[in-house]
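Participant: Handing you this structure, nothing more for now.
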Amino acid sequence: MGLLVGLPLGIFRILAAVFMLAVRFGLPLLALFFLWRVVKRHRGAGKSWQVPPKEPEFDGPVYTVDYKIVEDEKEE
């Protein structure tokens, strides 16, 4: 009879200890994570995160091509 009562109580005690560790360490870590995101978002509010593209550098002449638009002829 002791095993039927002691085993579930032991398992419950282990689960309660794991839950308390998760609450004790998990909630402060979660709060720090969200605080870090708010501070990061606040600092970057005035900055532009997109960097303008660099212009290519050419050593020689640049050639251009003129294209002629040709309409497709339908075959009947």
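Participant: Exposed loop sites here are trypsin sites (Lys or Arg not before Pro) in DSSP loop states with at most 14 other C-beta atoms within 10 Å. What is the longest stretch of the chain lacking them? Before the final figure, lay out the partial values.
Facilitator: Details: sites that count: K47, K54, K68, K74.
Longest run free of exposed loop sites: 1-46.
Participant: Using each residue's phi in region 62-72, evaluate 6.51 cos²θ - 1.76 cosθ + 1.60 at θ = phi - 60° and report the 3J(HN,Hα) Karplus result to the nearest Hz, with x for Gly and Pro.
Facilitator: Coupling constants for region 62-72: 10, 9, 10, 10, 9, 9, 9, 7, 10, 7, 6 Hz.
Participant: Of the listed values [x] 69, 28, 13; [y] 17, 14, 12; [z] 22, 14, 12, grab the one calculated as semi-axes √(5λ) of the Cα gyration tensor in Å from the structure here.
Facilitator: Checked against the structure: label [x].
Participant: For R43 paired with L21, estimate the spin-label separation in nm (one decimal), with each label point 7 Å from Cα along the Cα-to-Cβ line.
Facilitator: 3.3 nm
Participant: Next question. What is the fewest-to-most order of F34, F58 by other Cβ atoms lying within 10 Å of their Cβ? Mind dumping the intermediate values first?
Facilitator: On the way: F34 10, F58 7.
So the residues, fewest neighbours to most, are F58, F34.
Participant: Here's a follow-up. Toward the positive end of the charge dipole of the chain, about the Cα centre and with charges on Cβ (Lys, Arg +1; Asp, Glu -1), which of T64, L7, P28 goes farthest?
Facilitator: Positive-end residue among those listed: L7.
Participant: Quick one: putting +1 on the C-beta of Lys and Arg, -1 on the C-beta of Asp and Glu, what dipole do you get for the chain around its Cα centre, in Debye to the nearest 20? Kindly include the intermediate steps, with their values, before the conclusion.
Facilitator: Numbers: 10 positive and 9 negative charges, 336 e Å.
That gives the chain a dipole magnitude of about 1620 debye.
Each reported figure results from applying straightforward, stated rules to the coordinates on display, with no laboratory input. Worth saying up front: this structure is predicted, and the values here are computed from it rather than measured. Glycine gets a Cβ as well: all are built from the backbone with ideal geometry, and neighbour counts include every protein chain shown.
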